[in-house]
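Here is the structure we will look at.
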């Protein structure tokens, strides 16, 4: 394994951690950047498995809250309802993800132009939603109705198309259904935990026979980088969103989509 491949894995890991929890599509960024860097992983496993670092980033930042939630489950109906809502929201993506896994990895992940298109379209939609005069009805993530959780879960399924963004789809859907920006982002954090953990386990299972020692080393490098970058983002994102909304991310998506198309036109 050459040094450039290791550096590329480090760069991609940092990008994963920085983009996983903001509505810009971490997978879209990884696929585009990997395309232009000439980075290839067996079965496109690297792009999925380094998400474990981002999962641990949430767990480390939210450990106290998660611990309190876990210990209160036997005696607190609201805690049980919240956890039940998260699990129900996770189910649609889990079922569709398993059924469409081959198509997603073999077709959608191999189409850079699709990623550029969804980045652009998603940016325009996010900018439109951010400017709507919405009046939030739900501001406490722990009090979201079960029906709302399920609807947000179906919105998350759109993110199986690379470039859409898991957090972008869930946040946009939540906002349109009456949540405020801060709690929408926070719900996306909680929903990310079972979703990314499930994707990690299933992708590892499907590709365990093609992974090599070099793949494991690269995934380890990407994992550590994504964890460190993810902690930084999780700690500051809610306050940033409360102050600035989602317009900065929308403009970023549009810029990356345009640059991606330009890169594909020039370099192929």
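Every number in this text was worked out from the coordinates using simple rules, so none of it is lab data. All values reported here derive from a predicted model rather than from experimental measurement. Glycine also receives a Cβ, built like all others from the backbone with ideal geometry; neighbour counts cover every protein chain displayed.
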Rounded to the nearest whole Å³, what is the per residue volume of the convex hull around the Cα atoms of the range 79-141?
105
Taking the chain as a Gaussian network, Cα atoms linked when under 10 Å apart, which of 63, 189, 39 shows the biggest mean-square fluctuation?
63
Fewest-first ranking of 70, 139, using other Cβ atoms within 10 Å as the exposure measure:
70, 139
Using alpha carbons only, what's the Rg to Rh ratio of the range 1-159 with Rh from Kirkwood?
1.01
Listing 244, 35, 101, 29 by rising number of other beta-carbon atoms within 10 angstrom, fewest first, gives 244, 101, 35, 29
Considering the convex hull of the alpha carbon atoms of the chain, report its projected area averaged over all viewing directions, in nm², one decimal.
13.8
If r is the Cβ-Cβ distance from residue 67 to residue 140 and R0 is 25 Å, what FRET efficiency results, to the nearest 0.05?
0.80
Where does each of 252, 128 land when they are ranked from fewest to most other beta-carbon atoms within 10 angstrom?
128, 252
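Grab the DSSP H runs of the chain that are 4 residues or longer, score each as -39,500 (n - 2.57), total them, divide by all residues and round the 222 nm result to the nearest 500 deg cm²/dmol.
Per the formula, -25500 deg cm²/dmol.
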Taking 8 Å as the Cα distance limit and 6 or more residues as the minimum spacing, I'd like the relative contact order of the chain as a percentage.
40
